[in-house]
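Single-structure report; data block below.
Please treat every number below as a calculation from the coordinates, not as lab data. Everything quoted here is computed from the prediction, not taken from an experiment. Here Cβ is always computed from backbone atoms with ideal geometry, including for glycine, and neighbour counts include all displayed protein chains.
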Amino acid sequence: MSTSAIDSKLKIESERRRTFAIISHPDAGKTTLTEKLLLYAGMIRTAGMVHGRKQGTKVSSDWMHMERERGISITASAMQFAYKDNIINVLDTPGHQDFSEDTYRTLTAADSAVMVIDAAKGIETQTRKLFEVCRMRGIPILTFVNKMDLHGEDPFHLVAEVEEVLGIDASPVNWPIGMGKTFRGVADCNTAEITLFEKAAKAGSAKAIATSCSLQDALSSGTIDEEVAEKLGYELDLLKEAGNPFSREKFLAGTNTPVFFGSALTNFGVEPFFDAFADLAPCPGIRTADTPAGEEILIDPVKNKFSGFVFKVQANMDKKHRDSMAFIRVCSGRFERDLLIKHQASGKDIRLSRSHSMFGGERTTLDTAYPGDIIGVVNPGVFAIGDTVSLDGGFKFKPLPKFPPEVIAQIRPKDLMKRKSFDKGMRQFANEGTVLVLEGKTSHTSQPLVAAVGRLQFEVLQHRLKEEYNVDTELDELPYKHGAWLVGNTAQFRTTSSSFIAEDPHGRAIVLYTHEWEKRHLLEKNPDHELIEFID
Ligand code: G4P
């Protein structure tokens, strides 16, 4: 194959990639929607495995025993499949009210996000937090208002809530026809073409039957009655007059979200959403990186040779394969099995020989990957989260965002004879980023501390120490509930009696305190310092 032929293939493949994550509050319908995406992509013939999942049948990326026990997905992972002309990479984000750093990191590997909202509940806490991360990183967001088959909030109210709570423009792309029992379909806000759905099978296990026509035709054929048509016509007019017009430019900059309505359970409105997603969501774009000389350079997915970064490391994922895996998001160029790459952090050349992709927790050998793809490689102990790998070396992608922890604890083995295994496990999990291991800097404690952004991370830590290292542990949570990164001279920072300074493994100082209001007090005491929530 000539070089130009390879390049055009690389360009085509890169442009058809859609790598995204779903952000939602637990129970909003993320799993159901993902499953329906698989159904409409032809990856599964019948939907309904989500229910099976709770009885232990695998549906997607449930690797860990605990995930199956709880019926939730804790570990971020990726699934790849073709949807019409596109290749979709869905990054799995934990759906639990305690959320972990895994989710933040996963979002850095996504080119866009889908925000799923429960029509009856509107914007919930978890959605808001995850949304915040997307906004900080300028990740474009598409909004899917789910559960329209149940009685929910007024659609105008929901759109206004997205705008008010999240502070961005929301532009309905389609509009619901009815709600709850009367929810029949969606109307295109631009063309007023309507699509009506009928259930093809119980509980949406098969694709819904869709018919599209103009509002006028539906009215004259008696498909919809006059009252419904009149209400819809009025609402569409109102949206045209008072709504925010969709702007692709603003969407790509993360300041406008297109809004869709539907029901993941009955499949009503899901295909129009998936089609619009494939059309609107961006393909892998240019990313910025730093050279060792401190110069900022742009890495183009097609023009630059292979590069990527590690966004997740995990050991013992499966009892059959007890090794550690590193997950790399490809940012540029073509990846081929056995590629010899430069590992920026260690300066070493490493052959990526055992590359895998994942489906349903099963490893499949991966020979080629393109920008946007996620490759899992066996980690020979060198890869850490955030590391850059590339064919030629000489640059490093921007570090992954770092949030200060919100829960802090001390952990110890119940049986002191197990100390060695405990230490081994802790080293592994600290390296994976399961929790942050901190060292207290002020007199408060000299013990190493474990810290996380959500309590679930502790549960995962204790569970994995037991399962993988056979160590039962005791965990004492400390009263600190807030944290902020300290900017300024650490030695000169004056703490209060209920706050203290700890240091992360990179020597970055974090101030931990018990109450939200203490931050202001600490800043008043230390006018030459800054306390920040997020380091990028
Ligand atoms: P999550 O991953 O965001 O946590 O949510 P998930 O898809 O697991 O959905 C949570 C619950 O909401 C499930 O019901 C699911 O069937 C239901 N659901 C999802 N989408 C819709 C929808 O469009 N309409 C309606 N009416 N329900 C929807 P469950 O009873 O908790 O679980 P299951 O026993 O049905 O599996």
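Taken along the Cα-to-beta-carbon direction at a fixed 7 Å, the label points for Thr496 and Arg427 span 4.0 nm.
In this simple spin-label model, placing a label point 7 Å from the Cα along the Cα-to-Cβ direction at both His151 and Asp300 gives a separation of 5.7 nm.
Let me see the P(r) profile for the stretch 453-507: every Cα-Cα distance counted, bins of 10 Å, each bin given as a percent of all pairs. Result returned by the calculation: 17, 36, 29, 15, 2.
Based on Cα atoms of the stretch 165-228, Rg over Rh with Rh as the Kirkwood radius reads 1.04. Mean projection of the Cα convex hull over all viewing directions, computed for the chain: 27.2 nm². Divided by 2.2 N^0.38 Å, where N counts the residues, the Cα radius of gyration of the stretch 406-536 comes to 1.11.
Consider all pairwise Cα distances in the stretch 234-307 and report the whole-number % of them above 18 Å. Of all Cα-Cα pairs in the stretch 234-307, 64 percent lie more than 18 Å apart.
An oblate overall shape is assigned to the stretch 201-281, the ratio a/c of its alpha-carbon gyration tensor axes (a ≥ b ≥ c) being 1.5 or greater and a/b not exceeding b/c. Using 0.36 nm per residue and subtracting the Cα-Cα separation, the extra length available between Lys398 and Thr211 on full extension is 62.6 nm. Shown is the FRET efficiency for Glu227 and Glu198, computed with R0 = 22 Å from the Cβ-Cβ distance and rounded to the nearest 0.05: 0.60.
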